[in-house]
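Engineer: Structure incoming, see below.
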């Protein structure tokens, strides 16, 4: 009893003291750039006293604290604010101006020219899964990217033809390291797939121009692939189809600090070609062996070491009708051996510094045999008078090695601003052997680069960079500046501009005889971009002007023998539109791309400035995806269209000057492709195996596709370049054994 | 004797001061926990979260204020009026970080993980098709980890039931699958004897869900 009276006494006492000194009222307004900040928390540090601002940013509370105190104001999206105050008997009035916090979530993105893809990126246009489920792509990254604006529907050779640029003007990088032979070796007039599966990568940046100074040697475009870190689970995979059988495993350590994996695939199209007739006569069925291995280690400092290697061997042989004489055939055979290695190490080295080191080695050998054969498939020899026929009997052993090292350092400068610099070194060793003549070509290429990303506010950002390059083979240097600016025009919309100069070394075959007589080719990009991303809808409009200078011109010296100089030039201008909507119709996702381009160039053997034969003025794609959960089935449909492309027969006249002997325009390109996936194990809780059945048909309607024309030596006959078959069918079954996290995630959260 | 009375007095007043301090904490917590029932709008819950965070920052050794601050924000996060789920989740996770650095027992950590589960679920629901691989997995991992730490926490089963309930039957969810989980939750709620100020929410909701599963 006495105890409680004492407590009571104490309370009275305390209350008395409170009364004696009185309470102080603190009031005011919290704002940022004149806008009120509602929901901000105001506290006297280390006390319970405080309040939250109302919808007009006003606040008011009382406190019994006295003397020097610290007022702390916090609100989501703003930097914490602190102010010292002295509390006496007078009410305190505070006007608090808060600074916005610049984060990746609210800041403007320097996006001119860039399509970002990835699972977590806010600006992502395509995710890795999107690549796999785009009908017509058959899980080939390049094919899926061809549904984006700015690219051409070129089917007669591999590569991404971006904004009036040839395929070799686009370079691919994996974890920052250049990839030398990103596509499988193939036969003439048939585009091949990329060597790398989309599932190897967590992020993809496809730049259609104005790309960062961290990359170089591509006049038009870069494709930056970022490999995944540790896998989410251990599993064993198998795939089976009439074309491909494969098996692999991915093992994740129990402590989730490291993983390794191996895969093997065998591709043989013999069965398929027996069922689906191909135009060429395959005398050696295309056959591929492909093995990959990888390891990934998470370092103590939170960094990653990643190694990936792939070895592939392929073999094929096919005959086509010889264009110069209807009773002869051209037999082409190819054996390819490719070994690719990529090692990367990224680490946070403290004090806001990040380091990325990379090394890569690749070797690629193509053994090509080309032979004219008679009706009985026997080799046919020609007299020296028919030199154009003789030129069709040859052997080529093309060995290409690339060894490179790269280092990039990044320093965070507060907020999102950062300074990056580094360098890279490529040792290029090419040894093509034509019949018995060896041409050796060694280039030591070195580059140094620096780039600053500066966020002046969350509305305004700039990226300024410069790149210095030197090639020992041509013995030339260049300096390539790049600038991008981005300004946020609304909560979800932004405008960005980019300007930059891009250099590229001439192609290998142009450098055999007098490499130092030519210099870098050059392109200048000007880009204006508007982008709005809101509520799962993306709208992107981009206009550009591209100026080509110092392009390579060829001067005829003899039949199929030229000298080269840098007197070529050209330009390209156009508009790219992209719209994607995942929202309007439930479980239905679609995107629409349209590009218009006006381009001319005077290069190689073009006698005047002309529209290149790989460019259509209008291209458009509609990609749709629909998943029916009840049926556990997804259907995907893609329609691609391009206006006709010009074609030319360019030949030297009697004075050894090129002229256009014949020209025309191909029919428009149309292709509708379909794919479907059935996932029967979807929904079986804790299923031990996960099965996907996949089927696809490219060009379902069998529309005739003409990519261009080949001309006979005399120019009297021309023949269409068509795909080897009208349609391509694929059916396959993919099984993985292991605990499937995707499955769990669906089960628990949808 | 005089000395003894003085000592006794001193001891009593010291105890009283300590009592007063913890009483202030308990009283503040009680008062604000009561506000959970009257709060309606996202603004109300943000205000409540701010208050709890203030108490947590002042106390420094109590994880519950941070937990409740996070819980208030997840409650706001279910409302369509709160549009920026990512920013909200970032703040919730920061509060959970603070709570976890103080919480000592596995049971306490399991409670905090349940808040993380809800935050990640809210982020996933922004765009389930493209986000279930990332945020869906995060949510699931939080729940799995929590169940390992405290297999008898009824709220974890309530949350598991909710996710099963929201998952189409074709994906292994549905009412039939959710019902036994809700029933298990209710059973555990009946056995649970939460300490003062400790979380006790969810029983009514779980019972209502069983009715919806009929």
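Engineer: Pull out a ≥ b ≥ c, the square roots of the eigenvalues of the alpha-carbon gyration tensor of the stretch B:66-150, then state rounded if a/c is under 1.5, prolate if not and a/b is larger than b/c, and oblate in the remaining case.
Structural biologist: It comes out oblate by the Cα gyration axes.
Engineer: Any chance you could give the angle, 0 to 90 degrees and rounded to 10, that helix B:175-191 forms with the longest Cα principal axis of chain B?
Structural biologist: 10
Engineer: Specify the inter-centroid distance of the stretch B:85-110 and the stretch B:114-174, based on alpha-carbon positions, in whole Å.
Structural biologist: 16
Engineer: Further question on the same structure: Å³ per residue of the Cα convex hull, for the stretch A:391-524?
Structural biologist: Each residue corresponds to 145 Å³ of Cα convex hull volume.
Engineer: Mind checking the log10 I(q)/I(0) for chain A at q = 0.05, 0.06, 0.08 Å⁻¹? Debye, one equal scatterer per Cα, no solvent, two decimals.
Structural biologist: -0.33, -0.45, -0.74
Engineer: Express in nm, to one decimal, how much length is gained between residue A:417 and residue A:470 on full extension, taking 0.36 nm for each residue of separation and deducting their alpha carbon distance.
Structural biologist: 16.2 nm
Engineer: Then there is this: What is the ratio of the Cα radius of gyration of the stretch A:555-627 to 2.2 N^0.38 Å, where N is its residue count, to two decimals?
Structural biologist: With N residues counted in the stretch A:555-627, Rg over 2.2 N^0.38 Å equals 1.79.
Engineer: A follow-up question, please. Please list the radius of gyration and Dmax for the stretch A:135-228, considering alpha-carbon atoms only, with Å as the unit.
Structural biologist: For the stretch A:135-228, the Cα radius of gyration and maximum Cα-Cα distance read 12.4, 35 Å.
Engineer: Measure nothing but the geometry: give the 0 to 90° angle between the long axis through the Cα atoms of A:2-21 and the longest principal axis through the Cα atoms of chain A, rounded to 10°.
Structural biologist: 80
Engineer: While we're on this one: Suppose R0 equals 51 Å; then what is the FRET efficiency for residue A:534 and residue B:26 from their Cβ-Cβ distance, rounded to the nearest 0.05?
Structural biologist: The formula returns an efficiency of 0.65 here.
Engineer: Something else: Please give the helix B:85-102 orientation as an angle from the longest Cα principal axis of chain B, in degrees from 0 to 90, rounded to the nearest 10.
Structural biologist: 40
Engineer: Residue B:81 versus residue A:264, label points 7 Å from Cα toward the beta carbon: distance in nm?
Structural biologist: A separation of 6.4 nm, rounded to one decimal place.
Engineer: Let me ask something additional. At what distance in nm do the modelled label points of residue A:94 and residue A:716 sit from each other, each positioned 7 Å from its Cα along Cα→Cβ?
Structural biologist: Here the modelled spin labels are 9.5 nm apart.
Engineer: Out of all DSSP beta bridges with both ends in the stretch A:259-326, state the antiparallel percent to the nearest 5.
Structural biologist: Percentage antiparallel, nearest 5: 100.
Engineer: Please list, by residue number, everything in the stretch A:70-111 whose backbone N is under 19 Å from a paramagnetic label point 7 Å out along Cα→Cβ of residue A:27.
Structural biologist: From the stretch A:70-111, the list is A:86-97.
Engineer: Compute and list, largest first, the equivalent-ellipsoid semi-axes of the stretch B:124-187 from the alpha carbon gyration tensor, each √(5λ) rounded to a whole angstrom.
Structural biologist: Those come to 21, 16, 7 Å.
Engineer: If the chain between residue A:58 and residue A:727 were fully stretched, how many nm would it gain, using 0.36 nm times the residue separation less the Cα-Cα distance?
Structural biologist: 234.1 nm
Engineer: While we're looking at this one, here's another question. When only Cα pairs under 8 Å and 6 or more residues apart are kept, what is the percent relative contact order across chain A?
Structural biologist: Over chain A, the number comes to 10 percent.
Engineer: Which distance in nm do the two modelled labels at residue A:659 and residue A:168 give, with both placed 7 Å along the Cα-to-Cβ direction?
Structural biologist: Inter-label distance under the simple model: 2.8 nm.
Engineer: Additional query: Indicate, rounded to the nearest 5 percent, the antiparallel portion of the DSSP beta bridges found entirely in the protein assembly as shown.
Structural biologist: 95
Engineer: Using only the Cα atoms of the stretch A:48-195, each taken as one equal point scatterer with no solvent, compute I(q) by the Debye sum, divide by I(0), and report log10 of the ratio at q = 0.14, 0.15, 0.16 Å⁻¹.
Structural biologist: -0.79, -0.87, -0.95
Engineer: Ok, one more. Taking only the alpha-carbon atoms of the stretch A:473-565, what semi-axes of the equivalent ellipsoid follow from 5 times the gyration tensor eigenvalues under a square root, in whole Å, largest first?
Structural biologist: One finds semi-axes of 41, 14, 9 Å for the stretch A:473-565.
Engineer: When every alpha-carbon pair in the stretch B:67-214 is counted, what percent end up more than 19 Å apart?
Structural biologist: 52
Engineer: Set the Förster radius R0 to 35 Å, insert the Cβ-Cβ distance between residue A:300 and residue B:94 as r into 1/(1 + (r/R0)^6), and round the FRET efficiency to 0.05.
Structural biologist: The pair residue A:300/residue B:94 has a calculated efficiency of 0.90.
Engineer: Mind jotting down the distance between the C-alpha centroids of the stretch A:184-243 and the stretch A:469-531, whole Å?
Structural biologist: The stretch A:469-531 and the stretch A:184-243 have Cα centres separated by 22 Å.
Engineer: How fast does the stretch A:177-300 diffuse by Stokes-Einstein, in µm²/s, taking the Kirkwood radius from C-alpha pairs at 37 °C and 0.692 mPa s?
Structural biologist: Rounded to a whole number, D works out at 186 µm²/s.
Engineer: Suppose R0 equals 51 Å; then what is the FRET efficiency for residue A:643 and residue A:442 from their Cβ-Cβ distance, rounded to the nearest 0.05?
Structural biologist: 0.75
Engineer: Taking 0.36 nm per intervening residue step and subtracting the Cα-Cα distance, what contour gain separates residue A:429 from residue A:234 on full extension?
Structural biologist: Result for the pair: 66.3 nm of gain on full extension.
Bear in mind that the values in this text are calculations on the coordinates, not laboratory data. Model, not experiment: these values are computed from the prediction. Neighbour counts run over all protein chains shown; Cβ positions are idealised from the backbone, glycine included.
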